[in-house]
Amino acid sequence: TMSLEMQGFRGDVEGGGASRAGYKAPYVNGKEKLNMSELERQLIAYNSLDKSARGSANVVTFCGFVVAFVLCRVICSDYGTMAVSMAFIFSTGSIVWGMGLLAWIYRFDEGPQEMRSVADAIKEGAEGFFQVQYGTISVLAACTGTGLFLMYVSKDPETMPSQAISPLSMAVLTAITFVVGALCSALSGYAGMWVSVRANVRVANAATKCYNDAIQLCFRAGLFASVINVGLVIQGLSFSILVLRTIFPGVSFAQLPLLLTGYGFGASMVAMFAQLGGGIYTKGADVGADLVGKVEQNIPEDDPRNPAVIADLVGDNVGDCAGQCADTFESIAAEIMSAMILGGSLATSGNLQGDEAVGFVVFPLGVHCLDLFSSTVGCMLVKTKRGMPGEAGYGEPEDPLSIMKRCFLVTIIIAIAGFALLCRCFLNVAHAPDAWKWFAACGAVGIICAYFFVIITQYYTDYEYNKVQSIAEASVTGAATNIIAGLAVGMESTGLPVILISCSLVASYNFGCASGVASKENESVAGLFGTAVATMGMLSTAAFVLTMSSFGPIADNAGGIVEMSQQAEHVRVITDKLDAVGNVTKANTKGFSVGSAALACFLLFSAFLDEVSIYSKEEFKVVDIAVPEVFVGGLCGSMLVFLFSSWAMQAVGRTAQEVVIEVRKQFRERPGIMDYSEKPDYYRCVAIVAKSGLREMVKPGLLAVLSPIAIGVTFRLFGQYKGQPLLGCQVLASFLMFATATGIMMALFLNNAGGAWDNAKKYVETGKHGGKGSDTHKAVVVGDTVGDPCKDTAGPSVHVLMKLLSTVVMVLTPLFVAPARPLDAGLAAMPR
């Protein structure tokens, strides 16, 4: 059994029969926390300065970054180094700006003692689980990094992508970049969780005073997580490139991205285990709490009498916040690296020289710097009328979702204009003067695709539309018809997104081909880069989308704190409104994540083909699925998605069973819980889901990492026996294609079905079809519990799985390739 300290949960619940949670909060005089972090002390010290002193500090900081940009322009000897250095400075500045935003959040009060007590229990539980979870992940990452080192150090020197790099150097580089990627991904997840467990109580307290403050606090806390997330991606990659440029000056700029594949693998691996562990934790607690609390005991959501309520609220942070942040980090990192590799290939194919070639490689860094700027502007515009609904003269409160949509459109407009400017600066080619316009069109396709993905997902998951309403209507006749209707909506919801992805890929590919950068026989390379630009366009608003995603769990936690601390009904009305919008934004961002994952996987697949060409010294463009072994690889890829999803769902089911048994046991053995004369043992449920989440995440995670390795090595050896040295790569390429196609469908189905079931419950809880406590409500609660592991565990993990498979294959390409002829011949075989 795990200790209380390992769980980070104090378990110091007071005895007695109060109607409130009654935790002992670690406060001195109700104000100063005993275990305050150094960062919190610095934030409080900054806020204690007068306005003029804060303004002076801000001006000095801004001037410092301006000087850094000027020095970078003067000192850097080449265009590539200057561009990457500026990206590093810009990302560092964005992180510093995020700290200023965090200081603004800390100006708001945490509210009365009863709110702080509940919030502390959530915070300690989340941070305790995070610490133990990432301790487990670090052990797995250390083993993987060691394996990567041993694999590369044992390779033949002639198989290296550049003669300037020895196997030992490549082994050290890959292992170090893997660790850097894993650390940055872990830090991004921690930032999301850290701010969530500190903003939730401030949002809850703001909801008692000002509707606008509650919305802005909730949204800007998500913005902080987003800025740190995207900033870390750019900072980590740009710093790695600068180090490589210094250590290996003989390696061309176009080949540098090939040395960074370990970074993407590290980010993907951490994202997978973070999403799995957090998802199992949060949904195991949620399902158990709902089945016993709502269905059997007929008590409200987040009721303090429910023994699983604290575990449920902790899960929102470790699952939805930390998991989604790590997922987005990995998506952006994978997209940047694959786009850089394809940009290098296009520079070679188009015979680009000097700054023109470098521009195609560093372009992705510029796009995500634009993302930080445009998303920040849009997010800071989120506001509404000050005051409280119900006050004289206030009027009807504005829907938070309408506010977000309006500001998202502002972000999109800035992103489209900025994207065109970046294309003009980085992708302007002398022999193809209109190329940048075609690539700007590719970016516009991606941005528009992102917007429509959000709209389509909302159509299938928001109870304002008939799809979710049809599930609620079907629930009148029981849980079985609810499940049937939800499955049908989930299956139907795959249609429009796939059509949208297909149109985006075809349009961007042909726009790229029309750019004229490459010759007619090599225009496919330009087409592939066009799809890369479209993917960059889709992710050019990633920070805003991640902000909307983080809004959901923070609002959910705020509602739980208000309910458990027994605040006035009008306060709960406000947090319920924020929570309902948060459910929609979480569903929308999951749809966005699937779309971006689909396009990113296409890029990673194309980058894998390029890598095989370099390592094998032969052109590798065609994958023939009529070959039996290749077709078998495809079948294995499709099967893996179903097997992985099954294991993830089983993990939640087993965890939920343990929670249900424990909650029933407490209600049976402590009958006074229902009339507040006894208190539930919250710690028991926290301990159950924490242990289960850590135990259950390992099996599906290792399946995702080891499957492509086993298939690639097996068929490589079989290919050597048959005299076909690239058979392993052919089989793996088929494996990736089928796994990606199946994963897109599975993720869309699971995410949208789960979201629709969830919001069908919310729809009934508004009073429709009998409202809370009715038989219809019990049926939709059953449907919601079925959908919980779909939308918050298996679904999000599947689109991480798609990218993880590709990054595993990319970083281990030398393991699957048997070189056949000298390196120069292989490079000559590459398209030019």
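The values are calculated or read from the model by the stated rules, or taken from the named source; none is laboratory data. Everything numeric here is computed off the predicted structure, so don't read it as measured data. No Cβ is skipped: glycine too gets one built from the backbone with ideal geometry, and neighbour counts run over all protein chains shown. These area figures cover heavy atoms from the full protein model, side chains too; ligands, DNA and RNA do not enter into them. Shrake-Rupley method; radii C 1.70, N 1.55, O 1.52, S 1.80 Å.
Write down the Å³ per residue value for the convex hull defined by the alpha carbon atoms of region 203-346.
For region 203-346, the hull spanned by Cα atoms encloses 138 Å³ per residue.
Run down the lysines and flag those whose C-alpha is under 21 Å from the C-alpha of LYS155, throwing out any fewer than 8 positions away in its chain.
Here the lysines satisfying the reach criterion relative to LYS155 are LYS617.
Considering amide H positions built from the backbone, and no H for Pro or chain starts, which residues 5 or more places from ILE299, or on another chain, come under 5 Å of its amide H?
Those lying under 5 Å, H to H, from ILE299 are LYS294.
Any idea what the relative contact order of region 312-388 is, in percent, if you count C-alpha pairs under 8 Å spaced at least 6 apart? Walk me through the numbers on the way to the answer.
Numbers: 21 pairs, mean separation 17.9, N = 77.
About 23 percent, as a whole number.
Return one number: the angle in degrees, 0 to 90 and rounded to the nearest 10, between the long axis of the Cα atoms of helix 435-461 and the longest principal axis of the Cα atoms of the chain.
30
Using a Cα-Cα cut-off of under 17 Å, which lysines could be cross-linked to LYS385, ignoring same-chain neighbours fewer than 8 residues away?
By straight Cα distance, LYS385 reaches LYS209, LYS405, LYS577.
With a 1.4 Å probe and every protein chain left in place, work out the accessible area per residue of region 535-654 in Å², rounded to a whole number.
Accessible area per residue: 24 Å².
Using helices alone, I'd like the mean residue ellipticity at 222 nm for the chain: each DSSP H run of four-plus residues gives -39500 (n - 2.57), total over residue count, nearest 500.
Estimated from H runs of four or more residues: -26500 deg cm²/dmol.
In the chain, if the dipole is taken from +1 on Lys/Arg beta carbons and -1 on Asp/Glu beta carbons about the Cα centre, which of TYR211, TRP194, MET115 is farthest to the positive end?
TRP194
Explain nothing, just the number: relative contact order of the chain, from Cα pairs under 8 Å at least 6 residues apart, as a whole percent.
19
Tell me the accessible surface of TRP647 in square angstrom (1.4 angstrom probe, heavy atoms of protein chains only), to the nearest ten.
60
Longer than 29 Å from Cα to Cα, which of LYS123/LYS768; LYS123/LYS283; LYS722/LYS803 are they? Say none if no pair is.
Working: LYS123/LYS768 35 Å; LYS123/LYS283 18 Å; LYS722/LYS803 31 Å.
The pairs that break the limit, which is 29 Å between Cα atoms, are LYS123/LYS768; LYS722/LYS803.
With everything on Cα atoms, drop me the angle between helix 569-616 and the longest principal axis of the chain, reported from 0 to 90° to the nearest 10.
So the inclination is approximately 20 degrees.
As I understand it, the value is the acute angle between the Cα axis of helix 795-811 and the longest principal axis of the Cα atoms of the chain; what does it come to in degrees, rounded to 10?
Here the helix axis deviates by roughly 30 degrees.
State to the nearest 20 debye the size of the charge dipole of the chain about its Cα centre, where the only charges are +1 on K and R beta carbons and -1 on D and E beta carbons. Intermediate results must be reported in sequence, preceding the final value.
Values: 57 positive and 68 negative charges, 123 e Å.
Roughly 600 debye, rounded to the nearest 20.
Give me, ordered by chain and number, the residues 5 or more places off VAL429 or on other chains with an amide H under 5 Å from its own placed amide H.
ALA435, TRP436
What does the accessible area of MET82 come to, in Å² to the nearest 10, when a probe of 1.4 Å is used?
30
Per residue, how much accessible area does region 162-217 have with a 1.4 Å probe, in Å²?
25
Please report the relative contact order for region 689-813, taking Cα pairs under 8 Å with a sequence separation of at least 6, and give it as a percent rounded to a whole number.
Dividing the mean separation by the residue count of region 689-813 yields 29 percent.
Please compute one quarter of the surface area of the Cα convex hull for region 307-409 and express it in square nanometres.
Seen from a random direction, the Cα hull of region 307-409 projects 10.7 nm² on average.
Students sometimes get this wrong: rank LEU217, LEU422 by accessible area, probe 1.4 Å, all chains present, largest first.
So, going from the largest accessible area down, we get LEU422, LEU217.
Dividing the Cα radius of gyration by the Kirkwood radius, what Rg/Rh value follows for region 168-207?
Values: Rg = 17.5 Å, Rh = 12.3 Å.
Here Rg/Rh amounts to 1.41.
Could you calculate the contour length gain from SER677 to MET491, that is, 0.36 nm times the residue separation minus the distance between their Cα atoms, to one decimal place in nm?
Contour length minus Cα-Cα distance gives 62.2 nm.
Considering only protein heavy atoms and a 1.4 Å probe, what is the carbon-and-sulfur percentage of the accessible area of region 241-284?
The value for region 241-284 is 66 percent carbon and sulfur by accessible area.
Using each residue's phi in region 730-747, evaluate 6.51 cos²θ - 1.76 cosθ + 1.60 at θ = phi - 60° and report the 3J(HN,Hα) Karplus result to the nearest Hz, with x for Gly and Pro.
Listing the rounded values in order: 4, 5, 5, 4, 5, 4, 5, 4, 5, 5, 5, 4, 5, x, 4, 5, 5, 5 Hz.
I'd like the per residue volume of the convex hull spanned by the Cα atoms of the chain, given in cubic angstrom.
So the per-residue Cα hull volume is 152 Å³.
Sequence neighbours fewer than 8 away in the same chain don't count; with that in mind, list the aspartates and glutamates whose C-alpha is under 15 Å from LYS691.
Candidates past the 8-residue exclusion: GLU5, GLU127, ASP312, GLU658, GLU662.
Can you give the three extents of the C-alpha atoms in region 596-715 along their principal axes, from longest to shortest, in whole Å?
Extents along the principal axes, in whole Å: 76, 26, 22.
If you plug each phi of region 396-408 into the Karplus form 6.51 cos²θ - 1.76 cosθ + 1.60 with θ = phi - 60°, what whole-Hz ³J(HN,Hα) values come out, in order, with x for Gly and Pro?
So the J values, rounded to whole Hz, are 7, x, 6, 5, x, 5, 5, 4, 5, 4, 4, 6, 5.
I'd like to check one number: the per residue accessible area of region 274-363, probe 1.4 Å, reported in Å² as a whole number.
Details: 1290 Å² over 90 residues.
Per residue, region 274-363 has an accessible area of 14 Å².
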